[in-house]
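Report on the structure given below.
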Number of protein chains: 2
Amino acid sequence: MATLGDLERTVMDLLWATPEAMTANALRDAIAEAPLGEVGRELAVTTVLTVLSRLEKKGLVERERDSRPHRYTSVTSREDHTAELMHEVLVTAPDREAVLARFVGSVSEAEAKTLRKLLGGS
Amino acid sequence: MATLGDLERTVMDLLWATPEAMTANALRDAIAEAPLGEVGRELAVTTVLTVLSRLEKKGLVERERDSRPHRYTSVTSREDHTAELMHEVLVTAPDREAVLARFVGSVSEAEAKTLRKLLGGS
DNA sequence: GAGTTTGTTCTACGATGTGTAGAAGAAATC
DNA sequence: GATTTCTTCTACACATCGTAGAACAAACTC
């Protein structure tokens with residue numbers, strides 16, 4: 001289970017929010033500008049690079065090694081990643097149906113409607 | 001997000017699997033007997049107690065302080081806990097509907113059937 | 001009720017993960 | 001070739017977790 005730290009999370013959020021690949025410098029700047037309600041921090045580029053390396057090792061990030069300032073992208077979309085995590089959590093329990101019952105009870109009506117639509121009629 | 005270590009997880013699994021409250025000694029013995037496919041370990045009782053304290057602080061475990069060998073129980077059922085975790089994961093993404101779409105695509109047919117049944121009406 | 005047994009709390013240490021970044025090395029640019 | 005830019009290596013502090021001994025408290029036993 002890939003559990004992320006705060007900074008790792010911030011970096012992933014930025015990569016997910018940006019369609020193009022980003023350089024470490026671009027990420028550092030984006031972080032400094034308090035991107036998503038977070039407190040903007042002035043980080044050293046090496047800090048960002050370290051985090052990117054770790055995310056790469058975790059399989060969440062890919063880097064283009066040929067382009068000179070390396071460019072980084074997320075391997076999966078945020079939605080895929082989140083859905084995958086949810087599934088990982090689900091399968092930790094032996095009685096998945098019971099878990100799903102509780103889960104369905106916890107989602108909003110709008111989300112329930114979405115689920116019905118996705119699951120098709122019947 | 002309460003992420004559990006291996007031993008913490010083992011302890012929770014035992015508490016969830018046992019209807020009655022358990023003492024630290026009972027837990028130590030249960031762990032030693034390789035409960036759930038795990039490698040049985042001979043742990044010191046203090047080790048188990050430390051883990052129980054930590055789980056208590058995390059809000060996952062409750063202890064009866066009056067009974068002399070303190071007895072420990074899980075605060076929530078495994079299913080509730082798992083469903084709650086899933087929901088926590090879900091709400092980390094801005095586009096929950098998209099996540100749910102991916103998630104529904106990843107569950108088995110049996111689980112999908114369960115979901116349909118649960119979502120039943122309208 | 002003093003001594004022994006049993007149970008709990010305190011403190012601690014090693015390993016791992018994460019935030020942080022400087023120093024050193026490699027590549028591009030001038 | 002010198003300077004700038006970028007990447008890798010190494011490192012440190014702090015938190016979490018597995019692990020448990022030492023010290024303290026309660027209970028049981030004559």
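Taken as a whole, the structure leaves A:Glu84 outside the set of residues that are touching a residue at least 60 places away in the same chain (Cβ under 8 Å) and outside the structural domain of A:Leu27 (by TED's automatic domain parsing).
Considering (1) within 14 Å of chain A (Cβ to nearest Cβ); (2) among the hydrophobic types (A, V, I, L, M, F, W, C); (3) open to solvent by 40 Å² or more (accessible area, probe 1.4 Å), the lone condition that B:Ala44 does not fulfil carries the number (1). Selection within segment B:49-70: residues that are out of contact with any helix residue (DSSP H, G or I) (no Cβ under 9 Å at 6 or more places or on another chain) and more than 11 Å from DNA strand D (Cβ to nearest atom). The member of this set that is farthest from the other protein chains (Cβ to nearest Cβ) is B:Glu64.
Is it true that B:Val99 is crowded, with 19+ Cβ neighbours inside 10 Å and more than 24 Å from A:Val89 (Cβ to Cβ)? Criteria not met by B:Val99.
When segment A:57-75 is filtered for residues that are surrounded by 15 or more Cβ atoms within 10 Å (Cβ to Cβ) and within 19 Å of the chain's Cα centre (by Cα), the ones remaining, listed by number, are A:Leu60, A:Val61, A:Glu62, A:Arg63, A:Arg71, A:Tyr72, A:Thr73, A:Ser74.
The values are calculated or read from the model by the stated rules, or taken from the named source; none is laboratory data. Given the structure is predicted, the values throughout are model-derived calculations rather than measurements. Don't worry about glycine lacking a Cβ; one is built from the backbone with ideal geometry, like all the others, and counts go over all protein chains shown. In case anyone asks, the SASA skips ligands and DNA or RNA and just uses the protein heavy atoms, side chains included. Shrake-Rupley method; radii C 1.70, N 1.55, O 1.52, S 1.80 Å.
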